[in-house]
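Take a look at the structure below.
The values are calculated or read from the model by the stated rules, or taken from the named source; none is laboratory data. Treat the numbers as computed from the prediction; the structure is a model and nothing was measured. All Cβ positions, glycine included, derive from the backbone under ideal geometry; neighbour counts span all protein chains shown. Surface areas here come from the heavy atoms of the whole protein model, side chains and all, with no ligands, DNA or RNA. Shrake-Rupley method; radii C 1.70, N 1.55, O 1.52, S 1.80 Å.
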Amino acid sequence: EMNPQERAFQERIDAGEKIEPKDWMPEAYRKNLIRQIGQHAHSEIVGQLPEGNWITRAPTLERKAILLAKVQDEAGHGLYLYCAAETLGISRDELFEQLHSGKMKYSSIFNYPTLTWADMGAVGWLVDGAAIMNQVPLQRTSFGPYSRAMIRICKEESFHQRQGFDIMMKMANGTEAQKRMAQDALNRFWFPALMMFGPSDKDSVHSAQSMAWKIKMNTNDELRQKFVDQTVPQAEYLGLTVPDENLVWNEEKGGYDFSEPDWNEFFDVISGNGPCNTERLETRKNAWEDGAWVREAMQAHAEKRAARAKA
Ligand code: ACO
(Lines give C-alpha, C1' and ligand atoms only; values in the text may rest on other atoms or scores of the structure.)
Protein backbone atom coordinates (compact mmCIF):
# COMPACT_ATOMS: atom_id res chain seq x y z
CA GLU A 1 0.00 0.00 0.00
CA MET A 2 3.04 2.33 0.01
CA ASN A 3 3.26 4.62 -3.00
CA PRO A 4 6.63 4.86 -4.83
CA GLN A 5 7.62 8.03 -2.97
CA GLU A 6 6.91 6.44 0.40
CA ARG A 7 8.74 3.30 -0.63
CA ALA A 8 11.82 5.30 -1.65
CA PHE A 9 11.66 7.10 1.69
CA GLN A 10 11.49 3.82 3.61
CA GLU A 11 14.46 2.50 1.60
CA ARG A 12 16.55 5.50 2.61
CA ILE A 13 15.66 4.85 6.26
CA ASP A 14 16.45 1.13 5.94
CA ALA A 15 19.81 1.99 4.39
CA GLY A 16 20.66 4.08 7.46
CA GLU A 17 20.54 7.43 5.67
CA LYS A 18 19.67 10.56 7.62
CA ILE A 19 16.56 12.50 6.66
CA GLU A 20 17.20 16.25 6.58
CA PRO A 21 14.60 19.03 7.03
CA LYS A 22 14.30 19.93 3.32
CA ASP A 23 13.95 16.30 2.17
CA TRP A 24 10.57 14.92 1.25
CA MET A 25 8.96 13.03 4.13
CA PRO A 26 5.52 11.50 4.77
CA GLU A 27 3.23 13.84 6.65
CA ALA A 28 2.81 11.25 9.42
CA TYR A 29 6.61 11.03 9.86
CA ARG A 30 6.77 14.80 10.27
CA LYS A 31 3.86 14.86 12.73
CA ASN A 32 5.18 11.99 14.81
CA LEU A 33 8.62 13.57 15.03
CA ILE A 34 7.16 16.92 16.09
CA ARG A 35 5.24 15.07 18.78
CA GLN A 36 8.24 13.16 20.08
CA ILE A 37 10.87 15.90 19.80
CA GLY A 38 8.43 18.49 21.16
CA GLN A 39 7.59 16.31 24.16
CA HIS A 40 11.26 15.64 24.67
CA ALA A 41 12.04 19.39 24.61
CA HIS A 42 9.21 20.13 27.05
CA SER A 43 10.57 17.40 29.35
CA GLU A 44 13.94 19.11 29.50
CA ILE A 45 12.34 22.47 30.28
CA VAL A 46 9.82 21.23 32.85
CA GLY A 47 12.57 18.93 34.14
CA GLN A 48 14.41 21.95 35.48
CA LEU A 49 11.72 22.51 38.10
CA PRO A 50 12.13 19.59 40.54
CA GLU A 51 15.88 20.23 40.81
CA GLY A 52 15.58 24.01 40.64
CA ASN A 53 13.65 23.56 43.87
CA TRP A 54 16.91 22.62 45.65
CA ILE A 55 19.42 25.11 44.24
CA THR A 56 18.95 27.54 47.12
CA ARG A 57 19.15 24.73 49.67
CA ALA A 58 22.13 22.71 48.40
CA PRO A 59 24.26 21.65 51.39
CA THR A 60 27.56 23.16 50.19
CA LEU A 61 28.75 25.81 47.77
CA GLU A 62 30.28 23.09 45.59
CA ARG A 63 27.04 21.09 45.42
CA LYS A 64 25.18 24.27 44.61
CA ALA A 65 27.52 25.16 41.73
CA ILE A 66 27.22 21.63 40.31
CA LEU A 67 23.42 21.56 40.57
CA LEU A 68 23.12 25.01 39.03
CA ALA A 69 25.28 23.93 36.08
CA LYS A 70 23.22 20.78 35.59
CA VAL A 71 19.91 22.63 35.58
CA GLN A 72 21.33 25.12 33.09
CA ASP A 73 22.41 22.21 30.86
CA GLU A 74 18.79 21.06 30.82
CA ALA A 75 17.65 24.46 29.59
CA GLY A 76 20.24 24.10 26.83
CA HIS A 77 18.96 20.62 25.93
CA GLY A 78 15.46 22.01 25.66
CA LEU A 79 16.68 24.72 23.31
CA TYR A 80 18.54 22.35 20.94
CA LEU A 81 15.43 20.19 20.81
CA TYR A 82 13.08 23.10 20.12
CA CYS A 83 15.42 24.08 17.26
CA ALA A 84 15.25 20.52 15.89
CA ALA A 85 11.43 20.60 16.08
CA GLU A 86 11.33 24.01 14.36
CA THR A 87 13.09 22.56 11.30
CA LEU A 88 9.93 20.45 10.82
CA GLY A 89 7.77 23.53 10.34
CA ILE A 90 6.32 24.24 13.77
CA SER A 91 7.16 27.45 15.62
CA ARG A 92 8.43 27.65 19.15
CA ASP A 93 5.40 29.76 20.11
CA GLU A 94 3.10 26.98 18.90
CA LEU A 95 5.08 24.39 20.84
CA PHE A 96 4.80 26.44 24.03
CA GLU A 97 1.12 27.07 23.41
CA GLN A 98 0.53 23.31 23.10
CA LEU A 99 2.49 22.60 26.28
CA HIS A 100 0.59 25.24 28.24
CA SER A 101 -2.82 24.12 26.99
CA GLY A 102 -2.03 20.50 27.91
CA LYS A 103 -2.19 19.35 24.29
CA MET A 104 1.43 18.21 24.33
CA LYS A 105 2.92 16.08 27.05
CA TYR A 106 6.20 16.08 28.94
CA SER A 107 7.78 13.19 30.83
CA SER A 108 5.66 11.75 33.64
CA ILE A 109 8.65 11.74 35.99
CA PHE A 110 8.66 15.50 36.48
CA ASN A 111 5.23 15.38 38.10
CA TYR A 112 6.68 13.91 41.29
CA PRO A 113 7.91 16.15 44.12
CA THR A 114 11.54 16.39 45.29
CA LEU A 115 11.21 16.29 49.07
CA THR A 116 14.79 16.01 50.40
CA TRP A 117 18.37 16.60 49.28
CA ALA A 118 18.72 12.85 48.68
CA ASP A 119 16.15 13.29 45.90
CA MET A 120 18.78 15.27 43.99
CA GLY A 121 20.91 12.14 44.13
CA ALA A 122 18.07 9.86 43.10
CA VAL A 123 17.02 12.14 40.25
CA GLY A 124 20.54 12.34 38.83
CA TRP A 125 21.21 8.64 39.30
CA LEU A 126 17.85 7.17 38.23
CA VAL A 127 16.11 9.82 36.12
CA ASP A 128 19.16 10.87 34.17
CA GLY A 129 20.23 7.22 34.08
CA ALA A 130 16.92 6.30 32.45
CA ALA A 131 17.16 9.31 30.14
CA ILE A 132 20.60 8.17 28.89
CA MET A 133 19.39 4.62 28.39
CA ASN A 134 16.68 6.02 26.12
CA GLN A 135 18.81 8.69 24.41
CA VAL A 136 22.00 6.80 23.52
CA PRO A 137 20.17 4.74 20.87
CA LEU A 138 18.42 7.92 19.66
CA GLN A 139 21.81 9.23 18.51
CA ARG A 140 21.19 6.87 15.56
CA THR A 141 17.65 8.10 14.92
CA SER A 142 16.75 8.79 11.28
CA PHE A 143 16.10 12.53 11.48
CA GLY A 144 19.42 14.41 11.17
CA PRO A 145 18.80 17.39 13.48
CA TYR A 146 17.37 15.15 16.24
CA SER A 147 20.23 12.70 15.95
CA ARG A 148 22.85 15.48 16.18
CA ALA A 149 21.13 17.08 19.17
CA MET A 150 21.17 13.68 20.90
CA ILE A 151 24.94 13.28 20.46
CA ARG A 152 25.67 16.45 22.37
CA ILE A 153 22.93 15.90 24.94
CA CYS A 154 24.19 12.40 25.79
CA LYS A 155 27.65 13.72 26.64
CA GLU A 156 26.20 16.15 29.15
CA GLU A 157 23.70 13.61 30.42
CA SER A 158 26.43 11.22 31.53
CA PHE A 159 27.93 13.94 33.71
CA HIS A 160 24.46 14.47 35.21
CA GLN A 161 24.10 10.81 36.01
CA ARG A 162 27.52 10.68 37.66
CA GLN A 163 26.79 13.71 39.82
CA GLY A 164 23.58 12.06 41.04
CA PHE A 165 25.38 8.83 41.86
CA ASP A 166 28.05 10.83 43.68
CA ILE A 167 25.38 12.41 45.91
CA MET A 168 23.92 8.95 46.55
CA MET A 169 27.35 7.56 47.52
CA LYS A 170 27.88 10.39 49.98
CA MET A 171 24.44 9.90 51.52
CA ALA A 172 24.54 6.10 51.55
CA ASN A 173 27.92 6.16 53.30
CA GLY A 174 26.96 8.94 55.67
CA THR A 175 25.13 8.96 59.00
CA GLU A 176 22.19 6.64 59.71
CA ALA A 177 19.82 9.53 59.01
CA GLN A 178 21.48 10.24 55.64
CA LYS A 179 21.36 6.59 54.70
CA ARG A 180 17.64 6.52 55.52
CA MET A 181 17.09 9.58 53.31
CA ALA A 182 18.93 7.86 50.44
CA GLN A 183 16.81 4.72 50.81
CA ASP A 184 13.62 6.77 51.03
CA ALA A 185 14.53 8.64 47.82
CA LEU A 186 15.17 5.32 46.04
CA ASN A 187 11.85 3.97 47.34
CA ARG A 188 9.93 6.93 45.93
CA PHE A 189 11.75 7.25 42.58
CA TRP A 190 12.21 3.61 41.54
CA PHE A 191 8.83 2.93 39.95
CA PRO A 192 8.37 6.44 38.51
CA ALA A 193 11.80 6.00 36.85
CA LEU A 194 10.64 2.70 35.31
CA MET A 195 7.58 4.52 33.94
CA MET A 196 9.78 6.94 32.01
CA PHE A 197 10.25 4.31 29.29
CA GLY A 198 6.54 4.46 28.49
CA PRO A 199 3.72 1.92 28.76
CA SER A 200 4.38 -1.79 28.26
CA ASP A 201 4.87 -2.75 24.63
CA LYS A 202 1.35 -4.08 24.23
CA ASP A 203 -0.03 -0.61 25.11
CA SER A 204 2.50 1.42 23.15
CA VAL A 205 0.53 2.93 20.28
CA HIS A 206 3.45 4.56 18.47
CA SER A 207 6.22 1.95 18.75
CA ALA A 208 5.63 -0.11 15.60
CA GLN A 209 5.54 2.82 13.15
CA SER A 210 8.18 4.82 15.04
CA MET A 211 10.57 1.89 14.95
CA ALA A 212 9.98 1.24 11.25
CA TRP A 213 10.91 4.90 10.65
CA LYS A 214 13.79 4.78 13.17
CA ILE A 215 12.25 7.64 15.11
CA LYS A 216 12.61 5.21 17.95
CA MET A 217 15.30 2.48 18.07
CA ASN A 218 14.04 0.12 20.82
CA THR A 219 10.77 -0.85 22.39
CA ASN A 220 9.77 0.55 25.78
CA ASP A 221 10.13 -2.83 27.50
CA GLU A 222 13.59 -3.50 26.01
CA LEU A 223 14.96 -0.28 27.43
CA ARG A 224 13.21 -0.75 30.78
CA GLN A 225 14.85 -4.20 31.10
CA LYS A 226 18.29 -2.78 30.26
CA PHE A 227 17.81 -0.04 32.82
CA VAL A 228 16.90 -2.49 35.59
CA ASP A 229 19.86 -4.73 34.70
CA GLN A 230 22.25 -1.80 34.85
CA THR A 231 20.82 -0.16 37.97
CA VAL A 232 20.32 -3.05 40.39
CA PRO A 233 24.10 -3.68 40.81
CA GLN A 234 24.55 0.07 41.39
CA ALA A 235 21.95 -0.04 44.19
CA GLU A 236 23.80 -3.03 45.68
CA TYR A 237 27.07 -1.13 45.53
CA LEU A 238 25.38 1.70 47.45
CA GLY A 239 24.10 -0.77 50.04
CA LEU A 240 20.50 0.23 49.26
CA THR A 241 17.51 -1.99 48.60
CA VAL A 242 15.46 -1.76 45.42
CA PRO A 243 11.83 -1.57 46.64
CA ASP A 244 10.60 -4.59 44.72
CA GLU A 245 10.03 -7.97 46.41
CA ASN A 246 9.78 -9.69 43.05
CA LEU A 247 13.20 -8.57 41.88
CA VAL A 248 15.25 -11.67 41.10
CA TRP A 249 18.04 -12.57 38.68
CA ASN A 250 16.80 -14.79 35.88
CA GLU A 251 19.74 -16.85 34.65
CA GLU A 252 17.90 -18.08 31.59
CA LYS A 253 17.16 -14.66 30.16
CA GLY A 254 20.35 -13.12 31.54
CA GLY A 255 18.44 -10.30 33.19
CA TYR A 256 16.34 -9.50 36.23
CA ASP A 257 12.68 -10.33 36.65
CA PHE A 258 10.94 -7.37 38.27
CA SER A 259 7.51 -5.96 39.07
CA GLU A 260 5.73 -3.77 36.57
CA PRO A 261 5.03 -0.23 37.72
CA ASP A 262 1.43 0.63 38.62
CA TRP A 263 0.15 1.44 35.14
CA ASN A 264 -3.01 3.08 36.48
CA GLU A 265 -0.82 5.58 38.26
CA PHE A 266 1.15 6.14 35.04
CA PHE A 267 -1.96 6.83 32.95
CA ASP A 268 -3.27 9.12 35.69
CA VAL A 269 -0.04 11.11 35.71
CA ILE A 270 0.15 11.49 31.92
CA SER A 271 -3.45 12.60 31.76
CA GLY A 272 -2.70 15.49 34.11
CA ASN A 273 -3.53 14.04 37.52
CA GLY A 274 -0.12 13.34 39.03
CA PRO A 275 1.00 14.86 42.33
CA CYS A 276 2.62 17.98 40.77
CA ASN A 277 1.06 18.37 37.29
CA THR A 278 -0.89 21.51 38.15
CA GLU A 279 2.03 23.14 39.93
CA ARG A 280 4.49 22.37 37.12
CA LEU A 281 2.26 23.76 34.38
CA GLU A 282 1.37 26.84 36.45
CA THR A 283 5.06 27.56 36.97
CA ARG A 284 5.77 27.29 33.23
CA LYS A 285 2.77 29.44 32.27
CA ASN A 286 3.77 32.11 34.79
CA ALA A 287 7.33 32.09 33.47
CA TRP A 288 5.97 32.58 29.94
CA GLU A 289 3.70 35.47 31.01
CA ASP A 290 6.35 37.10 33.20
CA GLY A 291 8.74 37.00 30.26
CA ALA A 292 6.30 38.70 27.86
CA TRP A 293 7.88 42.12 28.37
CA VAL A 294 11.28 40.78 27.31
CA ARG A 295 9.87 39.33 24.09
CA GLU A 296 7.98 42.58 23.39
CA ALA A 297 11.05 44.72 24.08
CA MET A 298 13.20 42.58 21.77
CA GLN A 299 10.56 42.79 19.06
CA ALA A 300 10.33 46.60 19.38
CA HIS A 301 14.12 46.86 19.29
CA ALA A 302 14.34 44.68 16.16
CA GLU A 303 11.66 46.78 14.45
CA LYS A 304 13.47 50.03 15.30
CA ARG A 305 16.75 48.70 13.92
CA ALA A 306 15.06 47.50 10.74
CA ALA A 307 13.42 50.91 10.26
CA ARG A 308 16.75 52.67 10.86
CA ALA A 309 18.48 50.41 8.33
CA LYS A 310 15.88 51.34 5.70
CA ALA A 311 16.12 55.08 6.32
N1 ACO B 1 5.70 10.44 30.17
C2 ACO B 1 4.69 11.05 29.52
N3 ACO B 1 4.06 10.52 28.47
C4 ACO B 1 4.48 9.32 28.05
C5 ACO B 1 5.54 8.63 28.65
C6 ACO B 1 6.14 9.23 29.77
N7 ACO B 1 7.14 8.64 30.44
N8 ACO B 1 5.72 7.46 28.00
C9 ACO B 1 4.80 7.41 27.02
N10 ACO B 1 4.05 8.51 27.06
C11 ACO B 1 2.90 8.80 26.22
C12 ACO B 1 3.28 8.96 24.77
O13 ACO B 1 3.70 10.27 24.52
C14 ACO B 1 1.98 8.60 24.08
O15 ACO B 1 1.06 9.69 24.20
P16 ACO B 1 0.73 10.67 22.94
O17 ACO B 1 0.25 9.81 21.82
O18 ACO B 1 -0.27 11.60 23.48
O19 ACO B 1 1.99 11.37 22.58
C20 ACO B 1 1.45 7.49 24.95
O21 ACO B 1 2.04 7.68 26.23
C22 ACO B 1 1.71 6.09 24.43
O23 ACO B 1 3.09 5.75 24.53
P24 ACO B 1 3.99 5.20 23.32
O25 ACO B 1 3.13 4.83 22.17
O26 ACO B 1 4.89 4.15 23.84
O27 ACO B 1 4.80 6.54 22.95
P28 ACO B 1 6.23 6.70 22.29
O29 ACO B 1 6.43 5.72 21.20
O30 ACO B 1 6.39 8.14 21.97
O31 ACO B 1 7.27 6.29 23.45
C32 ACO B 1 8.95 7.47 24.74
C33 ACO B 1 7.47 7.08 24.60
C34 ACO B 1 9.76 6.21 24.98
C35 ACO B 1 9.08 8.41 25.94
C36 ACO B 1 9.42 8.15 23.43
O37 ACO B 1 8.57 9.21 23.09
C38 ACO B 1 10.82 8.68 23.47
O39 ACO B 1 11.76 7.92 23.38
N40 ACO B 1 10.98 10.02 23.57
C41 ACO B 1 12.25 10.68 23.57
C42 ACO B 1 12.87 10.72 24.93
C43 ACO B 1 12.17 11.65 25.89
O44 ACO B 1 11.18 12.29 25.62
N45 ACO B 1 12.72 11.77 27.08
C46 ACO B 1 12.17 12.69 28.05
C47 ACO B 1 12.45 12.31 29.44
S48 ACO B 1 14.13 12.33 29.87
C49 ACO B 1 14.62 13.91 30.14
O50 ACO B 1 14.26 14.78 29.49
C51 ACO B 1 15.60 14.18 31.25
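All conditions but one from (1) touching a residue at least 40 places away in the same chain (Cβ under 8 Å); (2) open to solvent by less than 50 Å² (accessible area, probe 1.4 Å) apply to Ile132; the one that does not is (1). Hey, does segment 65-78 have a residue that's surrounded by 20 or more Cβ atoms within 10 Å (Cβ to Cβ) and away from the ligand (no atom under 14 Å from the Cβ)? The answer is yes, given that some residue of segment 65-78 is surrounded by 20 or more Cβ atoms within 10 Å (Cβ to Cβ) and away from the ligand (no atom under 14 Å from the Cβ).
Close Cβ contacts (under 6 Å, 6 or more residues apart or on different chains) running from residues in segment 21-41 that are modelled with pLDDT of 95 or more to residues that are open to solvent by 40 Å² or more (accessible area, probe 1.4 Å) comprise Pro21/Thr87; Pro26/Glu6; Gln39/Lys105.
Within segment 201-220, the set of residues being more than 9 Å from the ligand (Cβ to nearest atom), farther than 15 Å from Gln139 by Cα and open to solvent by less than 50 Å² (accessible area, probe 1.4 Å) comprises just one member, Ala212.
Condition test on Lys179, is it at positive phi and either touching a residue at least 40 places away in the same chain (Cβ under 8 Å) or more than 13 Å from the ligand (Cβ to nearest atom) (or both)? So that I can check it myself, show each step before the final result.
Working: at positive phi: no; either touching a residue at least 40 places away in the same chain (Cβ under 8 Å) or more than 13 Å from the ligand (Cβ to nearest atom) (or both): yes.
No, not satisfied.
Any chance segment 46-58 includes a residue that's without any contact (Cβ under 8 Å) to a residue 60 or more places away in the chain, within 13 Å of the ligand (Cβ to nearest atom) and touching a helix residue (DSSP H, G or I) at 6+ places or on another chain (Cβ under 7 Å)? Yes; the residues of segment 46-58 include at least one that is without any contact (Cβ under 8 Å) to a residue 60 or more places away in the chain, within 13 Å of the ligand (Cβ to nearest atom) and touching a helix residue (DSSP H, G or I) at 6+ places or on another chain (Cβ under 7 Å). Scanning segment 257-284 for residues that are out of contact with any helix residue (DSSP H, G or I) (no Cβ under 6 Å at 6 or more places or on another chain) and among the small types (Gly, Ala, Ser) gives Ser259, Ser271, Gly272.
Any residue at all in segment 139-154 that is under 24 Å from Met217 (Cβ atoms), in contact (Cβ under 8 Å) with a residue 40 or more places away in the chain, in contact with a strand residue (DSSP E or B) (Cβ under 7 Å, 6 or more places away or on another chain) and within 15 Å of the ligand (Cβ to nearest atom)? Yes, because at least one residue in segment 139-154 is under 24 Å from Met217 (Cβ atoms), in contact (Cβ under 8 Å) with a residue 40 or more places away in the chain, in contact with a strand residue (DSSP E or B) (Cβ under 7 Å, 6 or more places away or on another chain) and within 15 Å of the ligand (Cβ to nearest atom). When Leu223 is tested against (1) open to solvent by 50 Å² or more (accessible area, probe 1.4 Å); (2) within 10 Å of the ligand (Cβ to nearest atom), just one condition goes unmet, and that condition is (1). When only residues in segment 139-174 that are among the charged types (D, E, K, R) and assigned to a helix (DSSP H, G or I) count, which is farthest from the chain's Cα centre (by Cα)? Restricting to residues being among the charged types (D, E, K, R) and assigned to a helix (DSSP H, G or I), the top hit is Lys170. Condition check for Gln72 on (1) in a loop (DSSP other than H, G, I, E, B); (2) more than 23 Å from Leu186 (Cβ to Cβ): one failure, at (1). Does Trp288 qualify as being more than 11 Å from the ligand (Cβ to nearest atom), part of a helix (DSSP H, G or I), aromatic (Phe, Trp, Tyr) and modelled with pLDDT of 95 or more? Spelling it out, Trp288 is indeed more than 11 Å from the ligand (Cβ to nearest atom), part of a helix (DSSP H, G or I), aromatic (Phe, Trp, Tyr) and modelled with pLDDT of 95 or more.
Within segment 107-119, residues that are part of a loop (DSSP other than H, G, I, E, B) and more than 15 Å from the ligand (Cβ to nearest atom) sit with their Cβ atoms under 7 Å from residues that are among the aliphatic types (A, V, I, L, M) and open to solvent by 10 Å² or more (accessible area, probe 1.4 Å), at 6+ positions apart or across chains, in these pairs: Thr116/Met181.
Scanning segment 234-258 for residues that are part of a loop (DSSP other than H, G, I, E, B), surrounded by fewer than 16 Cβ atoms within 10 Å (Cβ to Cβ) and without any contact (Cβ under 8 Å) to a residue 40 or more places away in the chain yields Glu245, Asn246, Glu251, Glu252, Lys253, Gly254.
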